[in-house]
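What follows is a short report on a single structure.
Each value in this text was obtained by applying a stated rule to the coordinates, not by laboratory testing. These numbers come from a predicted model, not from an experiment. All Cβ positions, glycine included, derive from the backbone under ideal geometry; neighbour counts span all protein chains shown.
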Amino acid sequence: MPTNAIIVVFLQEMEEPIDLNRISLEKHLPLYAIPSQFITVPEIPLLVSGKIDRQFLLNSLNTIRQREQSEDKQEESENVRSFFQVFQEIGISRKNTSKSFLAAGGTSLNALLVINKLHHIGFHDITVEDLFNASTLQQILLHSTNGKCEQQNRFFAVKNEYQIVSLDRVDKDNALHIIIESFANLNELDALLHYNRDDLKLEYKQQLYGLLDQRWSFYTANGLSFGIIRNDGRLVGISLSNNLAEEPYIDLKTIPILIPVFDMMEANENELLEKLRKIGALSEPIFHNFLNAVNSDLEPMQRVAAMHFLEQQALDIAAINQFRSVLTANVGSVSQQLANYVLKYDINKVVNVSEWRNSSGTLMFPHANKDHIITINFKHITYT
């Protein structure tokens, strides 16, 4: 028998169907004799002579295969349409399939959103690295196994480009520079404070520097804050955290330009904590992840990967130090998507920035876009 030959068995429909499966047949037949396909027909066609009409069965087989191939093509085209629909939802036209993600209009701010949507429609193996490294969107599609990968829904490739260092071993001036430039240039919310005006941005940076400088010794001493360095030794990220019960006092009068942000975050954090306390769902002590920042001159993919490493390490440190839960306010799109899609925080309280009013009822960000949000995120830590 030729090596590419297959065996097809035609069965006439019966009132009691026969149970034919490969496992049971292997007990009675050699492997090469096990049929590849069973086809049920209303009756076995016969010639005038009474012999089986083999040509009719062969034609029936060809018809079935053509229908199956057509269905496969239809399924493939639907997969393709669904794939590109994800990109269209963030404003990338189907005409841009020959462009890279960044060239087509993608950014680090919506990369995780795109990947999460692709995972949900079956493209489980696409990672941040795939999205940014592919030369075209078409290449991402062609290289995806579309649901056939062993490790599904991985947002990042398994590789470690960073090392964690305690904050007391980090150069303070370098660390403060990273934080201030990151928040001044990359943070969508803080841009509403200085409007990208040089004079207001300078005032913003000076006040933020003063706040961090005042609290620096507290963070270096608590053992919960750290920096991350690349394998080449360059400092690329900073994470500042503390026990919520030991939160250092902030005199808002010293940072008037920052008041709207701190007021909004603190009010919404307290509101969430109070709700959890009332229903008996507040697990203490609480690890407060106060701030995460990455170097603003990193490439988009590196910024997303570094922020992911920072936030994952913060969760690990919280667990190592026996905290029962983690609280954080995320004002940037990347950190919000990490908390929701990747790190799977239990609670993601959404606050619409344009509608936020302070305790006096004053709209604090009336010029914000209607879809501009911050999230207050809370995660329980379980120990086995």
Inset, instruction - First check a/c for the stretch 338-384, with a ≥ b ≥ c the square roots of the eigenvalues of its C-alpha gyration tensor; if it is under 1.5, answer rounded, and if not, answer prolate when a/b is larger than b/c or oblate otherwise. - result: oblate
Inset, instruction - Would you work out which of Thr220, Asn187, Asn79 lies farthest towards the positive end of the dipole of the chain, given +1 charges on the beta-carbon of Lys and Arg and -1 on that of Asp and Glu, about the Cα centre? - result: Asn79
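About its Cα centre, how strong a charge dipole does the chain have in debye, to the nearest 20, once Lys and Arg get +1 and Asp and Glu get -1 at the Cβ? Let's see the in-between values first.
Details: 34 positive and 46 negative charges, 77 e Å.
So the dipole magnitude of the chain works out to roughly 360 debye.
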Legend entry - Highest-first arrangement of 185-192, 221-228, where packing means the average Cβ count within 10 Å: 221-228, 185-192
Legend entry - Net dipole in debye of the stretch 162-380 [+1 Lys, Arg Cβ; -1 Asp, Glu Cβ; about Cα centre; nearest 20]: 420 debye
Inset, instruction - Calculate, axis by axis, the spread of Cα positions in the chain along the three principal axes, and write the results as whole Å, longest axis first. - result: 104, 49, 48
Legend entry - Gaussian network model of the chain, springs between alpha carbon atoms under 10 Å - residue of Ala157, Ala103, Ala281 with greatest fluctuation: Ala281
Legend entry - Choice from Gln55, Gln207, Gln163 with maximal GNM fluctuation in the chain (Cα, 10 Å cutoff): Gln55
Inset, instruction - Could I have the simple spin-label model distance between Glu161 and Asn196, label points 7 Å from Cα toward Cβ, reported in nm to one decimal? - result: 2.6 nm
Inset, instruction - DSSP loop (so not H, G, I, E, B), at most 13 other Cβ within 10 Å: list which chymotrypsin sites (Phe, Trp or Tyr not before Pro) in the stretch 303-384 pass both filters. - result: Tyr383
Inset, instruction - Please give the helix 259-278 orientation as an angle from the longest Cα principal axis of the chain, in degrees from 0 to 90, rounded to the nearest 10. - result: 60 degrees
Inset, instruction - Net charge near Leu244: determine it from the other residues with C-beta under 14 Å of the C-beta of Leu244, scoring Lys and Arg +1 and Asp and Glu -1. - result: -3
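What trypsin sites (Lys or Arg not before Pro) does the stretch 171-239 have in DSSP loop regions with at most 14 other beta carbons within 10 Å?
Details: sites: Lys172, Arg197, Lys201, Lys205, Arg215, Arg230, Arg234; in loops: Arg197, Arg234.
The qualifying sites are Arg197, Arg234.
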Inset, instruction - Check the stretch 162-380 and count each lysine pair with an alpha-carbon distance under 19 angstrom, considering only pairs eight or more places apart or from different chains. - result: 10
